[in-house]
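First comes the structure, then the notes that go with it.
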Amino acid sequence: MRDLSAELLAWYDIHARSMPWRVGPADRKAGVLPDPYAVWMSEVMLQQTTVAAVRDYHRKFMGLWPTVGALAAADDAQVMAAWAGLGYYARARNLLKCARAVVSDHGGVFPGDYETLLTLPGVGPYTAAAIAAIAFDQPETVVDGNVERVMARLYDIHVPLPGSKPLLTDRARDLTPLARPGDYAQAVMDLGATICTPRSPACGICPWRGPCAARAAGTVAELPKKIPKKKTPTRYGIAYVVRRSDGAWLLETRPDSGLLGGMLGWPGSEWSDDPPPAPPLTAEWTALNDEARHTFTHFHLRLKIMTATVPTDAKPDRGQFLSQHDFSPAALPTAMRKVYDLAAATLRHG
DNA sequence: AATCCGTGGGA
DNA sequence: TTCCCAAGGAT
């Protein structure tokens, strides 16, 4: 078989995407490797998340916590607030766990081998391989969504995902070169992100157009096959936005596990499959006409919003008041921020 | 093994 | 509007 990796690396030398946490192919050839901490940070943020969304967050985190030691010593709530809006909040909790494990178990230095990386919280097969290859030039094979798509097409594999993952991983591993493994890992992903895209791939300018089996078979557009997913249900709930007369907001920190775990949010009802009953007519509550709508990975959410203003000696059963000074809507996950955006207009007072 | 877990952009 | 999708991991 021809050395496909050489053709891809030649393409990468010209077309590599530039990112703040990356070291370009020219510098890498001169022996320069990126900061493992910055690479790890980028890889965790990039899990199921677009490069465009990650850029600002990566810059913010590296500015606030420039080293793994600084992050390990950070306040949990500040890290969660900084992550707000990026999604998949278990990543933020594991980010802290991982930083503290690196400090306590590895002397504050990121391990460079796949097996050890795999033991760290929030670091799975993909991320361990990515850090080992990109930050330490170890010949590990990254298999993300891009690589799965590229392999399925290159070898015209019609077995649907996720069942085909082991097969696609084997193919990807066979292609991984011993030379320039870090560049190669980034090259395959760049190819998938810019040429071998899910819709309307640019096969005409693909460095692998010659050996691509799906292109020869005319099946590129239908690959990779995937198990169809069921449609997302809708759930309903009520959010209570309570403001004290001194301007403080009533908020609660959600439990560490589950949806929006560890994040700040409004007290509210459970979210159920049935629309909530009409609110009882009382003088104290204001029911907003608009409801907050938000779509999570696996369900749509519609939240009725009830607002109230209470005196400074009010004693809430749930949550705690955050002063105007301490509260920022930017610290809320998006679903909760949407509630704030709708409620705040009715709760502006001196 | 299958399910859970966010978000924003694009077709 | 609706659906798909993006550098997955934990349970």
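The values are calculated or read from the model by the stated rules, or taken from the named source; none is laboratory data. The structure displayed is predicted, hence computed values, not measured ones. Cβ sites come from the backbone with ideal geometry, for glycine too, and all protein chains shown count toward neighbours.
Annotations
- Answer residue from the stretch A:1-25, given it is without any contact (Cβ under 8 Å) to a residue 12 or more places away in the chain and either polar (S, T, N, Q) or more than 16 Å from DNA strand C (Cβ to nearest atom) (or both) and is nearest to A:A135 (Cα to Cα) among those: A:S18
- A:G163 in a loop (DSSP other than H, G, I, E, B), in the same structural domain as A:M19 (by TED's automatic domain parsing), at pLDDT below 95 and within 16 Å of DNA strand C (Cβ to nearest atom): yes
- A:S200 being without any contact (Cβ under 8 Å) to a residue 24 or more places away in the chain and over 30 Å from A:A70 (Cα atoms): yes
- Matching residues, the stretch A:138-151, being surrounded by 20 or more Cβ atoms within 10 Å (Cβ to Cβ) and out of contact with any strand residue (DSSP E or B) (no Cβ under 8 Å at 6 or more places or on another chain): A:E140, A:T141, A:V142, A:V143, A:D144, A:V147, A:R149, A:V150, A:M151
- Here A:I227 meets each of (1) over 24 Å from A:Y89 (Cα atoms); (2) crowded, with 18+ Cβ neighbours inside 10 Å with one exception, condition (2).
- Selected residue (criterion: farthest from DNA strand B (Cβ to nearest atom)) from residues of the stretch A:170-214 that are among the hydroxyl-bearing types (S, T, Y) and buried (at least 17 other Cβ atoms within 10 Å of the Cβ): A:Y184
- Residues that are in contact with a Leu (Cβ under 8 Å, 6 or more places away or on another chain), among the aliphatic types (A, V, I, L, M) and assigned to a loop (DSSP other than H, G, I, E, B) within the stretch A:308-332 comprise just one, A:L332.
- Pair list, Cβ under 7 Å, 6 or more apart: the stretch A:101-125 residue at positive phi, other residue more than 16 Å from DNA strand B (Cβ to nearest atom): A:G108/A:V68; A:G108/A:G69; A:G108/A:V102; A:G122/A:C98
- Criterion violated by A:A239 - all others in (1) within 16 Å of DNA strand C (Cβ to nearest atom); (2) touching a residue at least 60 places away in the same chain (Cβ under 8 Å) satisfied: (1)
- Among residues of the stretch A:50-66, those that are more than 6 Å from DNA strand C (Cβ to nearest atom) and over 18 Å from A:G108 (Cα atoms), counted: 10
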